[in-house]
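Readers should treat all values here as calculations from the given coordinates under stated rules, not as data from a laboratory. In this text the structure is predicted, and so the values were computed from the model without any measurement. Note: ideal-geometry Cβ built from the backbone for every residue, glycine included; neighbour counts use all protein chains shown.
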Amino acid sequence: MTATAFRMLAALAAGLLFGLGLAISGLLNPAKVKAFLDIAGAWDPSLIFVLGAGVVVAFIGYRLAFAINKPLFDDKLHLPTSTRIDPSLIVGSAIFGVGWGLAGFCPGPAIAAVSLGLIPALIVTLAMLIGMLAHDRFAAGKG
């Protein structure tokens with residue numbers, strides 16, 4: 001097996017594990033997500049445990065990444081380099097938050113929910129793709 005094929009299989013396995021985690025946690029159910037975000041109404045705090053687990057896993061993952069300095073299946077780590085808070089970050093974060101609150105899907109769960117045949121997830125995913133293409137076109141015009 002070539003190194004590229006092995007990397008692709010590792011990425012597929014990681015994606016499947018991530019999708020399974022999203023399904024088990026309830027993040028593929030927009031009603032559950034909206035109930036978690038509705039702190040003034042019928043709040044469902046159960047997703048706090050998912051959030052907490054994600055923070056713990058990310059914390060451990062970053063500590064391991066900084067400790068090994070080289071990933072298993074690539075030549076170098078690809079970590080964010082910018083720490084600047086700029087207008088693009090703020091606008092992008094606001095669009096993400098509004099979209100998540102309105103649709104009940106963020107990008108990962110939306111893509112995973114498409115596999116279940118959920119039409120709202122397909123609409124969110126298409127809107128996300130259109131937004132990414134529009135961003136690329138806008139960013140290309142800037143520089």
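Just to verify a result, which residue in region 104-119, among those that are over 15 Å from the mean Cα position of the chain (by Cα) and of a type in the set (G, A, S), is surrounded by the most Cβ atoms within 10 Å (Cβ to Cβ)?
Step by step, filter region 104-119, then rank; the result is S115.
Being over 27 Å from W43 (Cα atoms) and either loosely packed, with under 12 Cβ neighbours inside 10 Å or aliphatic (A, V, I, L, M) (or both) is true for just one of L89, L122. Which residue is that? Step through it out loud before you land on a result.
On the way: L122 fails: over 27 Å from W43 (Cα atoms).
Just one listed residue meets the conditions, L89.
Kindly indicate the residue of region 1-47 that is of a type outside the set (A, V, I, L, M) and within 17 Å of S115 (Cβ to Cβ) and also surrounded by the most Cβ atoms within 10 Å (Cβ to Cβ) among those meeting that condition.
P30
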